[in-house]
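Read-outs throughout are calculated quantities, based only on the coordinates presented, and are distinct from any laboratory measurement. Every value quoted in this text rests on a predicted model; they were computed, and no experiment measured them. Neighbour counts are summed over all protein chains in view; Cβ atoms, including those assigned to glycine, are modelled from backbone coordinates with ideal geometry.
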Amino acid sequence: MQIAGPPRPPLTYLFSPFSDRERETLERFVRKVKGLQESRFPDAELNIVATPVPGPGPSGVAGWSIGIDGPEELEVKAIITDFRQIYADPHRTSARSVIAMLKRHAHERGTDASRVMIGQLKAFGKQLNKRERSDPRGYMLEETEDGGSARRTPHSIVNEWFNGVYFHDEEGPGSELDSEGNSLVEMFRWSFQATIKDFINHWGKLRILVEAILRDPAMRS
């Protein structure tokens, strides 16, 4: 049984019933993930564009300017609040909170089938953790104060974009992430948006299971 597929055996073998308050949380999760999936953002192209800079650079050779061909900023702003609610761990509607709820109800059911489901939910959570730590397309390096370089995780880049651009104090100092045309910033923008795309895809798989739970009258306590 895959987490993205129709649950088999029946859900009554996998989970104990859910309270009205829990169902409200699950319904909110489904509604927000569905909105993210149906937005224009997931289907938008996201590519790195390298443009040669005329003339020799500081090292005496021609340089390159890095940019991205991706979603319009309005498309990002349209989904960023809901994305943050599903992404941020402490939020009641976050994917990890939903996974924890499902594991708890599977544990309460206490069947062989429910124990298999717990294993699948744990494996799914590990997929999310792995994607937070690394991007399958490659990794980002940032120069350190001592002149070396350090690898940046997608999670740290997402949080920096949250705090520096979309959810920061409007009266505070501006973020360098607002600087268009900066090649490093554009690479970070690409990583940020690629991570959003991947998480929306992962959450869509969990949404299928949650919708099945909400449709089953036996799953209501």
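Here are some notes:
- Residue order for Leu141, Leu121, Leu46, fewest other beta carbons within 10 angstrom first, comes to Leu141, Leu46, Leu121.
- Just so you know, the Cα atoms of the chain work out to an Rg and Dmax of 20.9, 72 Å.
- Residue order, fewest to most surrounding Cβ atoms within 10 angstrom, among Phe15, Phe192: Phe192, Phe15
- Listed by Cβ neighbour count within 10 Å, with the fewest neighbours leading, Arg215, Arg133, Arg189 appear as Arg215, Arg133, Arg189.
- One chain, two ends: Asp89 and Asn201. Fully extended at 0.36 nm per residue, the span grows by 38.6 nm beyond their Cα-Cα distance.
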